[in-house]
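Notes to accompany the following structure.
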Amino acid sequence: MRVSRELRLLMALSQSNTSDIALASADSLASDSIDWQRLHGLAVRNRVVGLVNRSLRQRYSDRIPSTVLADFQRSAAQSRLISMMLLSTQFGLMDRILDPLGVRYLALKGSALSVRWYRDAMIRQVSDVDLLLDEGKIVQVVEAMLADGWRIANPHWKGQRLAHFARYVG
């Protein structure tokens, strides 16, 4: 399978600790003919537009058409807004449900990973909340979340008894 130049550039620009080899590869790719709109679409689809935007601005702003930079900037701002809203939702879940129930939890991936790996909670767009919970509290947490207005979005879990859900998730 042939990997497009745009996808190779996307992969090089999406790394947090970019090696000299990856930078040289990105430099070479960015200097040749890149379909910037395709790169933009790939970055949005793969939810790395913030990372790619940051890398493009730091390394290649003089090589990229200003309209392309504006598109990346606009999409990165939208991504940050979505991430802020989800992070706010995550904090609300903790404040309204987990803390009052005395549930121990650990945030996984998403914003927690973004802070640790990229030093920026909003640089990667997240689309869900991943929490590790006490196994014995899962049913109680799901019931409290449903009562708070949350819904089970995964079609495989709809209609399942909560105990069955907890057994497979826990």
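The values are calculated or read from the model by the stated rules, or taken from the named source; none is laboratory data. Owing to the predicted nature of the structure, the values given are computational and were not obtained by experimental measurement. Cβ coordinates were reconstructed from backbone atoms using ideal geometry, including for glycine residues, and neighbour counts include every protein chain displayed. Surface accessibility is based on the protein's heavy atoms, side chains included, excluding ligands, DNA and RNA. Shrake-Rupley method; radii C 1.70, N 1.55, O 1.52, S 1.80 Å.
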Accessible area of Val68, 1.4 Å probe, to the nearest 10 Å²?
10
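Suppose R0 equals 41 Å; then what is the FRET efficiency for Ser4 and Ser88 from their Cβ-Cβ distance, rounded to the nearest 0.05?
Working: r = 36 Å, r/R0 = 0.88.
Computed FRET efficiency for Ser4 and Ser88 comes out at 0.70.
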